Amino acid sequence: MTTISDPQQESFRLSMLLNDTRYRSLTFQAIALLVLIVSFAYLGNNLISNLRAAGLNISFEFLGSPAGYDINQTLIDYNSQSTNARAAMVGIINTLLVAFLACVTATVLGVLAGVLRLSNNWLVRKLMSFYVEIFRNIPVLIWIIIIFTIMTAVLPGPRDFRGDDATASMVLGSFAFTNRGIYVPAPIWGAGSGIVVAIFVASIAGVFAYRRYATKLLYDTGRLLPMFWPSVAILLLPTIVAFYLLGRPIGLDYPELKGFNFAGGIKIGGPLIALWFALSIYTGAFIAENVRAGIQSVSKGQTEAASALGLRPGRVMNLVVLPQALRVIIPPLISQYLNITKNSSLAIAVGYADITATLGGITLNQTGRAIECVLLLMLFYLTISLSISAIMNVYNNSMKLKER
Amino acid sequence: MSDTHEHSVAFVRTQAVPAAPPPFQATGPVKWVRENLFANIPNAILTLLSFYAIYVVLSATLPWMLNGIWNTQSLAECREILQGATGACFSVLVERWNQLLFGFTYPAEIYWRPTLAFVLLFLAAAPVLFFDLPRKLLVFTALYPFIAYYLIWGGTVWTPVFALLGVVGGFLVYVRFVRNSFAAGFFGGIAAAFVIWWIAGFIVPMLAWENPVLAAVPSRDMGGFMLNMMLGVVCVSLSLPIGIALALGRQSSMPLIKIICVVFIEFVRGVPLITLLFVASVVLAYFFPPDATIDLILRVIIMITMFSSAYIAEVIRGGLAALPKGQYEAADSLGLDYPQAMRLIILPQALKISIPGIVNVAVGLFKDTTLVSVISMFDLVGMIRGPILASTEWNGVYWELFMFAALLFFIVCYGISQYSQWLERRLATDHR
């Protein structure tokens, strides 16, 4: 037997920077760093000389100056004398609003379509795959514009609701679909309405408490309490009783035709509706595919084993299939939510005042502060994306199959 | 058996009863309908609801489409002919056909050039998409970018020729040096190509004729569906190699390279494409030298390529991560160095796993090319919303135009996704 001794330590030579794998990575990184610095210096130099030539500078003072434009859909106080920062704030809230609405409806639509795609019914299956293929393969921008066109060109104007020979009428007497937007009744918060709301919140907590108690009872003693009807009762009864005892503090403000337009109620503008619906049905098609893939990923043996244990079909779904399918469904679902948030920037195509349309659109054009505006815009979206992916990572780690 | 019981039992059948036909409800279409449409009550309700939905949609669209008018000059004429009946005015598609496809400023007499480039695209893409075709066709694929550039933009023939020469020179240098080390060949090839292009920058203006064979068309004249196709094809093909490089960089053991790649990928994936397009239209010009005039289409191509390469990098990273560790170790134990291991062992398998994801990104990117209409470029959607709907003849023809745009995109995207499913089945070499 010969023993292999370490080769003699060679002294460092320059050629080892290229040929020796120990040092080569250092060479490459040094080159990369050099290239990076040189290109950044080049771009920065160009930027500075271009800005100087145009007589510009980088400053964020414009955020404090009056915006000078109106926004028709705002959730917070805003007028044309408010600052540009305030306008950007309105935009951020509007972005979050439409993203939230679209996430909720897209999930409902997507889960429904995904489950129905696996239905035993041939016709339903085909219809749902038709829906998925149609909406996945056509750009969302075209859908937004199409729905916006329906909103503005097909729906009747407020004047069609007027007079005895009105060509349009309000749905159920309280919803008006007009080409200026949809008017829905607004709640009026009277005295004592706070108590009703508080009772409602408390009863939601009560439902959860009841379900926990029922589950604990089931595990401890094997007694099965009814779940559905008691939950509904706990949720609704106290609130309804309180509502009538306090003399109906919450009323509804119905939209009414006054002058040339509707007054009262809440106006949901056409652009918001277009964006909301288009994003929902477009992303719903993607979510449907995720849901289908998730359910199909649970092997048939699991369902059969659950049935062999004597579980009813509903329980097979709730206790065996869904917990395993959700592990597959939720990560792509969250990235679809992220896509909705990013796609909501298409609001600018239909004039919905989200952050892209206010900060990146009107403010940018009026102040000419292109670099600053785009920088802030990117920062906003980056913050949202990175925080959602951080949450995602935590979730993924907690849901990871615990293996040896 | 029958003999033994002949006397003890009153009647014994001696012949088998011929098989009775199955009941009417358990065969053929009736059975199929019962099982697939009316299996139980909720199912039957769903079926009826679906029929109702189909009826509603068809009763609204069919008369409209069948009554369509194809040969008028304006919407007013359509309305005159229809006399208040429902009917589409498809004449807008006929009358503005060229504008929808090529934009409104591309010279009409040379429409044959982009059309030819489009037809050749299929020829060039065929050997990449279908492996059974002879490999020699790949030569044409390699030549195609230069031919297509020359056909669409025109101008002096020497620009694409020298561009091609640079690539060929770089390739020759690469072949010469790759035996010594991959890095030397790779970087040497790139350097050689850049040297040739730099020299060409001086020669081409001298060689350019006054009246080139194919008239030059400025980029701002491109539009319509042609623009969508150009952006889609160029950006997808450019972002593939960049995406592979970024994915490998993200897996790299060199910390600096890894950080650069991670920051780039996460940054680009975190912002919407529209903000990158804003960068292309209003910010990017600040970063170029003052005398450089880089036209909008090129800036848009740069930004979209960045965007899609980040997404493709993530898809390929997934493919790399999905490979069993044994493959990396096997490559190492064979004594292959990093470039060899990647080229021969890892990437072929990783890319195969990533194909569905890459195709998804490509389809998504092609759909996203419509966003350029927001920064006032006249692609298909931009043409419809801008010049066509704003014209006095066609103001108000929404459905026909948007359905046409939707149909074009649907055909392309659905075709690509069907191809990817075929490819997945074709490449499934594992035993599952």
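Would you point out the residue of the range A:46-94, among those that are within 14 Å of chain B (Cβ to nearest Cβ), of a type in the set (S, T, N, Q) and surrounded by fewer than 17 Cβ atoms within 10 Å (Cβ to Cβ), that is nearest to A:Phe380 (Cα to Cα)?
Looking at residues that are within 14 Å of chain B (Cβ to nearest Cβ), of a type in the set (S, T, N, Q) and surrounded by fewer than 17 Cβ atoms within 10 Å (Cβ to Cβ), I get A:Asn57.
Which ones in the range A:180-224 are at pLDDT below 85 and basic (Lys, Arg)?
Passing the criteria: A:Arg180, A:Arg223.
Would you call B:Gly364 within 12 Å of chain A (Cβ to nearest Cβ) and of a type outside the set (D, E, K, R)?
Judged against the criteria, B:Gly364 is a match.
For the range B:399-432, give me each residue that is more than 10 Å from chain A (Cβ to nearest Cβ), hydroxyl-bearing (Ser, Thr, Tyr) and either without any contact (Cβ under 8 Å) to a residue 12 or more places away in the chain or outside any helix (DSSP H, G or I) (or both).
B:Thr429
Would you tally the residues in the range B:245-263 being more than 7 Å from every other protein chain (Cβ to nearest Cβ) and touching a Leu at 6+ places or on another chain (Cβ under 7 Å)?
Residues that pass the stated criteria total 3.
Out of the helices (runs of 4 or more DSSP H) lying entirely within the range B:227-340, which hold 2 or more residues that are touching a Gly at 6+ places or on another chain (Cβ under 9 Å)?
The qualifying helices (runs of 4 or more DSSP H) are B:255-270, B:273-278, B:296-322.
Please name all residue pairs, on different chains or six or more residues apart, with Cβ atoms under 6 Å, provided the first residue is in the range A:25-45 and is facing chain B (nearest Cβ under 9 Å) and the second residue is surrounded by 12 or more Cβ atoms within 10 Å (Cβ to Cβ) and outside any helix (DSSP H, G or I).
Partner pairs satisfying both residue conditions: A:Ser25/B:Met254; A:Gln29/B:Met254.
When you check A:Ile250 against the structure, is it in contact (Cβ under 8 Å) with a residue 60 or more places away in the chain, among the aliphatic types (A, V, I, L, M) and over 30 Å from A:Gly157 (Cβ atoms), yes or no?
In short, yes.
Looking at B:Phe182 and the list (1) closer than 26 Å to B:Ile301 by Cα; (2) crowded, with 16+ Cβ neighbours inside 10 Å, which single condition is not satisfied?
Here B:Phe182 clears every test but (1).
Which residue, of B:Ala108, B:Ala148, B:Ala117, is touching a helix residue (DSSP H, G or I) at 6+ places or on another chain (Cβ under 7 Å), within 30 Å of B:Glu400 (Cβ to Cβ) and buried (at least 19 other Cβ atoms within 10 Å of the Cβ)?
Result: B:Ala117 is the single residue among B:Ala108, B:Ala148, B:Ala117 that is touching a helix residue (DSSP H, G or I) at 6+ places or on another chain (Cβ under 7 Å), within 30 Å of B:Glu400 (Cβ to Cβ) and buried (at least 19 other Cβ atoms within 10 Å of the Cβ).
Which residues, taken from the range A:355-403, are hydrophobic (A, V, I, L, M, F, W, C) and part of a loop (DSSP other than H, G, I, E, B)?
A:Leu401
Any idea which residue in the range B:243-266 is surrounded by the most Cβ atoms within 10 Å (Cβ to Cβ), counting only those that are within 11 Å of B:Ile316 (Cα to Cα) and of a type in the set (A, V, I, L, M)?
Here the residue is B:Ala247.
Mind telling me which of the residues B:Leu120, B:Leu116, B:Leu133, B:Leu101 ends up being more than 18 Å from the chain's Cα centre (by Cα) and part of a helix (DSSP H, G or I)?
Going through B:Leu120, B:Leu116, B:Leu133, B:Leu101 in turn, the sole match is B:Leu116.
So B:Phe278 clears everything in (1) buried (at least 21 other Cβ atoms within 10 Å of the Cβ); (2) more than 30 Å from A:Asn393 (Cα to Cα); (3) more than 10 Å from chain A (Cβ to nearest Cβ) except one condition, right? Which one?
(3)
Suppose we filter the range B:369-398 for residues that are over 17 Å from B:Asn228 (Cβ atoms), facing chain A (nearest Cβ under 8 Å) and assigned to a helix (DSSP H, G or I); how many remain?
Residues that pass the stated criteria total 1.
Taking the range B:230-241 as the region of interest, how many residues are surrounded by 17 or more Cβ atoms within 10 Å (Cβ to Cβ) and more than 14 Å from chain A (Cβ to nearest Cβ)?
The total comes to 8.
Name the one entry in A:Phe262, A:Phe228 that is without any contact (Cβ under 8 Å) to a residue 60 or more places away in the chain and among the aromatic types (Phe, Trp, Tyr).
So the residue among A:Phe262, A:Phe228 that is without any contact (Cβ under 8 Å) to a residue 60 or more places away in the chain and among the aromatic types (Phe, Trp, Tyr) is A:Phe228.
Return yes or no: is B:Ile312 farther than 16 Å from A:Trp143 by Cα, crowded, with 16+ Cβ neighbours inside 10 Å and either within 17 Å of the chain's Cα centre (by Cα) or not aromatic (Phe, Trp, Tyr) (or both)?
yes
What pairs come out if I take residues in the range A:312-336 that are more than 26 Å from A:Ser280 (Cβ to Cβ) and pair them with residues that are assigned to a helix (DSSP H, G or I) and at pLDDT 85 or above whose C-beta lies under 7 Å away, six or more apart or interchain?
Here the result reads A:Val316/A:Thr303; A:Val316/A:Ala306; A:Val316/A:Ser307; A:Val320/A:Gln302; A:Val320/A:Thr303; A:Val320/A:Ala306; A:Gln324/A:Gln302, each pair linking the range A:312-336 to a residue that is assigned to a helix (DSSP H, G or I) and at pLDDT 85 or above.
Within the bounds of the range A:301-324, is there any residue that is surrounded by fewer than 18 Cβ atoms within 10 Å (Cβ to Cβ) and hydroxyl-bearing (Ser, Thr, Tyr)?
Yes, the range A:301-324 contains a residue that is surrounded by fewer than 18 Cβ atoms within 10 Å (Cβ to Cβ) and hydroxyl-bearing (Ser, Thr, Tyr).
Quick check on my filter: what residues within the range A:117-137 are more than 8 Å from chain B (Cβ to nearest Cβ) and in a helix (DSSP H, G or I)?
A:Arg117, A:Arg125, A:Lys126, A:Met128, A:Ser129, A:Phe130, A:Tyr131, A:Val132, A:Phe135 - these are the residues of the range A:117-137 that are more than 8 Å from chain B (Cβ to nearest Cβ) and in a helix (DSSP H, G or I).
Can you tell me which residue is farthest from A:Ala198 (Cα to Cα) among those in the range A:209-244 that are touching a helix residue (DSSP H, G or I) at 6+ places or on another chain (Cβ under 9 Å) and among the aromatic types (Phe, Trp, Tyr)?
Per the stated criteria, the residue is A:Tyr210.
Considering the range A:138-179 alone, what residues qualify as being surrounded by fewer than 18 Cβ atoms within 10 Å (Cβ to Cβ), modelled with pLDDT under 75 and assigned to a loop (DSSP other than H, G, I, E, B)?
If the condition is that a residue be surrounded by fewer than 18 Cβ atoms within 10 Å (Cβ to Cβ), modelled with pLDDT under 75 and assigned to a loop (DSSP other than H, G, I, E, B), then A:Arg162, A:Gly163, A:Asp164, A:Asp165, A:Ala166, A:Thr167, A:Ala168, A:Ser169, A:Leu172, A:Gly173, A:Ser174 are the ones that fit.
Of the conditions (1) touching a residue at least 12 places away in the same chain (Cβ under 8 Å); (2) surrounded by 13 or more Cβ atoms within 10 Å (Cβ to Cβ); (3) under 27 Å from B:Asn228 (Cα atoms), B:Val213 clears all except one; give me its number.
Evaluating B:Val213 over (1) touching a residue at least 12 places away in the same chain (Cβ under 8 Å); (2) surrounded by 13 or more Cβ atoms within 10 Å (Cβ to Cβ); (3) under 27 Å from B:Asn228 (Cα atoms) leaves (2) as the failure.
May I ask you to say which residue of A:Gly351, A:Gly368, A:Gly360 is among the small types (Gly, Ala, Ser), surrounded by fewer than 22 Cβ atoms within 10 Å (Cβ to Cβ), closer than 22 Å to B:Leu277 by Cβ and under 25 Å from the mean Cα position of the chain (by Cα)?
Testing whether each residue is among the small types (Gly, Ala, Ser), surrounded by fewer than 22 Cβ atoms within 10 Å (Cβ to Cβ), closer than 22 Å to B:Leu277 by Cβ and under 25 Å from the mean Cα position of the chain (by Cα) leaves just A:Gly351.
Report yes if B:Leu82 is modelled with pLDDT of 90 or more and more than 22 Å from the chain's Cα centre (by Cα), otherwise no.
no
The values are calculated or read from the model by the stated rules, or taken from the named source; none is laboratory data. If you're wondering where the values come from, they're calculated on a predicted model, not measured in any experiment. Cβ sites come from the backbone with ideal geometry, for glycine too, and all protein chains shown count toward neighbours.
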